Amino acid sequence: MKVLMLNGSRNAKGCTFTALSEIAKELTAAGIDSEIVHIGKDAVNGNIDAAVKEVAAKLKESDGLVIGSPVYYASASGEVVAFLDRLFWTAGDDLRHKPGAAIASARRAGTTATLDVLNKYIQYCEMPLVTSNYWPMVHGFSPKDVMEDKEGLQIMHTLGRNMAWLLQCIEAGKKAGVQEPAAEQKVFTNFIR
Ligand SMILES: Cc1cc2nc3c(=O)[nH]c(=O)nc-3n(C[C@H](O)[C@H](O)[C@H](O)COP(=O)(O)O)c2cc1C
């Protein structure tokens with residue numbers, strides 16, 4: 001089994017990456033593979049279509065998804081929003097029933113607003129939302145700060161273990177013959193007709 005993780009920061013190896021790496025440690029301990037893809041740069045440098053295509057292909061082969069974003073101006077980064085708008089519109093069907101989680105990294109404020117934005121993508125696609133024992137956030141301006149945020153690290157570890165457990169439950173359910181609910185024909189109105 002594999003979990004794909006998206007780093008929506010401009011920084012390839014910053015705070016968001018550090019938090020995602022802590023989740024990855026728990027997945028590895030549970031025998032689950034993971035990959036962190038840095039989407040934060042290609043979302044805004046003219047490469048978004050190619051980057052979305054690449055991630056969509058990886059998602060087909062993945063069993064779970066974690067979206068990570070730094071807080072920019074008290075919300076999710078513009079990079080991650082641009083990327084997710086395209087990804088979920090084109091690859092949403094491949095995400096159905098795959099567990100998903102969102103995490104935020106901030107120096108100080110705007111984490112819950114960021115999580116609200118990110119969780120909406122997960123909820124739209126019938127993905128079971130994986131949670132922790134607090135809203136999934138770390139605090140810091142540098143990776144070193146994040147490693148000193150002991151509560152933030154613990155929250156990431158719990159989230160990683162919960163993701164691993166849910167993936168194992170889904171796999172066990174499939175082996176036991178539990179059927180996924182069939183997709184319903186979506187009712188799509190514009191409030192007028
Ligand atoms: C453009 C920009 C806007 C930011 N806005 C906020 C903010 O509103 N609240 C906050 O706490 N931190 C803010 N920060 C700080 C980052 O969210 C924080 O340092 C984060 O942990 C960086 O993660 P990264 O290293 O993965 O990029 C901002 C940083 C940038 C570059």
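Any read-out appearing in this document is the output of simple, stated calculations on the displayed coordinates, not a laboratory observation. Because the structure is a prediction, the values reported are computed rather than measured. With ideal geometry, Cβ positions are generated from the backbone for all residues, glycine too; neighbour counts draw on all protein chains shown.
Classify the chain from the C-alpha gyration tensor, please: rounded if a/c falls under 1.5, else prolate or oblate depending on whether a/b exceeds b/c.
Note, shape of the chain comes out oblate.
Only bridges whose two residues both fall in the stretch 55-122 count here: according to DSSP, what percent of them are antiparallel, nearest 5?
Counting only bridges with both partners in the stretch 55-122, antiparallel ones make up about 25 percent.
Once every DSSP H run of n ≥ 4 in the chain is given -39500 (n - 2.57) and the sum is divided by its residues, what mean residue ellipticity at 222 nm do you get, rounded to the nearest 500 deg cm²/dmol?
After summing the helix terms and dividing by residue count, I get -15000 deg cm²/dmol.
Quick one: if the Förster radius is 22 Å, what FRET efficiency do Gln123 and Lys25 give, using the C-beta to C-beta distance and rounding to 0.05?
0.25
Rank Lys41, Lys53, Lys175 by mean-square fluctuation in a GNM of the chain with C-alpha springs under 10 angstrom and give only the top-ranked residue.
Lys175
Sequence neighbours fewer than 8 away in the same chain don't count; with that in mind, list the aspartates and glutamates whose C-alpha is under 14 Å from Lys120.
Result set, ordered by chain and number: Asp85.
Can you give me the Cα centroid spacing of the stretch 167-186 and the stretch 7-27 in angstrom?
Here the two parts' Cα centres lie 29 Å apart.
Given a 10 angstrom Cα cut-off, can you work out which residue in Thr131, Thr111, Thr90 is the most mobile in a GNM of the chain?
Thr90
For the residues Leu129, Leu27, what sequence is obtained by ranking on other C-beta atoms within 10 Å, fewest first?
Ranking Leu129, Leu27 by Cβ neighbours within 10 Å, fewest first, gives Leu129, Leu27.
Using r as the Cβ-Cβ distance of Val187 and Asp85, and R0 as 22 Å, what FRET efficiency do you calculate, to the nearest 0.05?
Result of the calculation: an efficiency of 0.50.
Compute the relative contact order of the chain as a whole-number percentage, counting only Cα pairs closer than 8 Å that sit 6 or more residues apart in sequence.
This gives 24 percent for the chain.
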